[in-house]
1. Is it the case that Val233 is aliphatic (A, V, I, L, M), closer than 29 Å to Ser88 by Cα and either modelled with pLDDT under 95 or in the same structural domain as Leu165 (by TED's automatic domain parsing) (or both)?
2. Is one or more of the residues making up the stretch 30-41 on the phi > 0 side of the Ramachandran plot and either of a type in the set (Ser, Thr, Tyr) or more than 19 Å from the chain's Cα centre (by Cα) (or both)?
3. Please specify each residue of the stretch 241-268 satisfying the condition of being out of contact with any Phe, Trp or Tyr (no Cβ under 9 Å at 6 or more places or on another chain) and among the aliphatic types (A, V, I, L, M).
4. Failed condition for Arg318, given (1) surrounded by fewer than 18 Cβ atoms within 10 Å (Cβ to Cβ); (2) over 25 Å from Ala84 (Cα atoms); (3) of a type outside the set (Gly, Ala, Ser), with all others met?
5. Which ones in the stretch 283-321 are hydroxyl-bearing (Ser, Thr, Tyr) and closer than 15 Å to Lys272 by Cβ?
6. Could you check the stretch 256-287 and list, in sequence order, the residues that are touching a Gly at 6+ places or on another chain (Cβ under 8 Å) and in a loop (DSSP other than H, G, I, E, B)?
7. Given (1) at pLDDT 95 or above; (2) in contact with a helix residue (DSSP H, G or I) (Cβ under 6 Å, 6 or more places away or on another chain), where does Lys26 come up short, assuming only one miss?
Amino acid sequence: MPTNSLEVLVTGGAGFIGSHMILALKAQGYTPIVLDNLSRGRKSAIKATPFYHAEVGDQKALQTIFDRHSIGAVMHFASLIDVAESISKPQQYYSNNVQATEQLLEVMQKNNVINFIFSSSAAVYGEPQQVPIHEFHACNPINPYGHSKLLAEKLIKARADAAGLRFAILRYFNAAGADPAGQLGECHTPESHLIPLALEVAAGKRAALNIFGNDYPTQDGTCVRDYVHVTDVCQAHLLALKALMKGGDNMVLNVGTGKGYSVKQVIEMVEKVTTCPIPVHLMPRRAGDPAVLLADATAIEKMLQFSSTYSDLETMVRHAWTFHRN
C-alpha cells in the first residue's frame, strides 16, 4: 500500500460520498480525519477513523481539530443536498452550504492550510443551454440548492484571490452505486435519490416509486441524468488532491461520464438486476428539475487523466443492490 503521512480533514465523512472517500484515502495511505454532525450521515459508516461530532461551521471544534492534527488538506463534503427540500427551506441551505463553508475557510486560513477540495454540483448550471455541459457554461441555478453551491464556489475563488487558497471545485453530476466490496452504500434519511428509492421498492420496503413528470423534451418524457459511480467520484478527488499537493493550478471540473440515462431507463435496469417489477406512480413535475443534465468530461480527463471505471449503469445498480440486500 502506498504510504503518505498527510492528514486530510473530511467534512461530512459519515455521509454517502464522504464515507467512501475515507476508504479511498486509507487505501492510498492517507490519514483521514472526519467531522460530521450526523444529521444525515451514519456513524457506523466510519470505522477506525478519528471522528469529531460537530457542525462544519463550528469554529471552536474546527480549531480543536487543527490543533490536534497536522492537517494538510481539506475535503469538504458536508452539505444539504435535497433540491425539493431546498425550495421549502432556502435559509437552511444558505446557512449550511454557504455560511458554514465560509467559517471553515476562515479557520483554514488562520491555520495556514491552503489545499481545499470542494464538493459542488451540476445544479449550479441550472437549465442547460446546450448538452453536454462544459465548465464554462453559464451558471444560472434554478433552485436554492444550486444557488447555495454557486455562492460557496464564489467564496472559495475570492479566498483564493485574497489569501492564496489552492482549490479544486468538483461539480458532481449524479453520484450513484456503492462500494464494489459491499462495505458501504447509499442510505439517506429520508431517501431522495432515484436508484436507492427504486431498490427499496424491489426489496419490499416501499410500495411504489414516484416518477415526477413524463412530459419532458427527452426520448421517453422523463428526466435524463449523468450517473457516476461513487468510487469513481472518490478517484477524482484523489487525483485532484495529488495535483494540488504537487503545485497544480486551481481547477473547476465536472465529474461525470457524458452518458445520460432517463428515469425510465434506470427503472428498467433496476428491474433487470433485481428481477423484481417496480410499480410506479406518475406525479407532477417537481419545481427546479432540469430536463437533461449531461457532463462534458473532457476537462477532467485531460487535466487529471481521470477515467471512470465503474460508471456503466448496470454496474452501479448491481453494486447498490448488493449493498441494499445486505
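1. Details: aliphatic (A, V, I, L, M): yes; closer than 29 Å to Ser88 by Cα: yes; either modelled with pLDDT under 95 or in the same structural domain as Leu165 (by TED's automatic domain parsing) (or both): yes.
Yes, satisfied.
2. First pass over the stretch 30-41, keeping only residues on the phi > 0 side of the Ramachandran plot: 38.
Narrowing further to those that are either of a type in the set (Ser, Thr, Tyr) or more than 19 Å from the chain's Cα centre (by Cα) (or both): none.
No, every residue in the stretch 30-41 fails to be on the phi > 0 side of the Ramachandran plot and either of a type in the set (Ser, Thr, Tyr) or more than 19 Å from the chain's Cα centre (by Cα) (or both).
3. Scanning the stretch 241-268 gives Ala243, Met245, Ile267.
4. Just one mismatch for Arg318, condition (1).
5. First pass over the stretch 283-321, keeping only residues hydroxyl-bearing (Ser, Thr, Tyr): 298, 307-311, 315.
The one that is hydroxyl-bearing (Ser, Thr, Tyr) and closer than 15 Å to Lys272 by Cβ: Thr315.
6. Pro284, Arg285, Arg286
7. (2)
Results for (1) of a type in the set (D, E, K, R); (2) at pLDDT below 95, shown as yes or no for each residue.
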{"residue": "Met1", "(1), (2)": "no, yes"}
{"residue": "Val8", "(1), (2)": "no, no"}
{"residue": "Met21", "(1), (2)": "no, no"}
{"residue": "Pro32", "(1), (2)": "no, no"}
{"residue": "Lys43", "(1), (2)": "yes, yes"}
{"residue": "Lys60", "(1), (2)": "yes, no"}
{"residue": "Thr64", "(1), (2)": "no, no"}
{"residue": "Asp67", "(1), (2)": "yes, no"}
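The values are calculated or read from the model by the stated rules, or taken from the named source; none is laboratory data. Being a predicted model, the structure only gives us computed values, none of them experimental. Cβ sites come from the backbone with ideal geometry, for glycine too, and all protein chains shown count toward neighbours.
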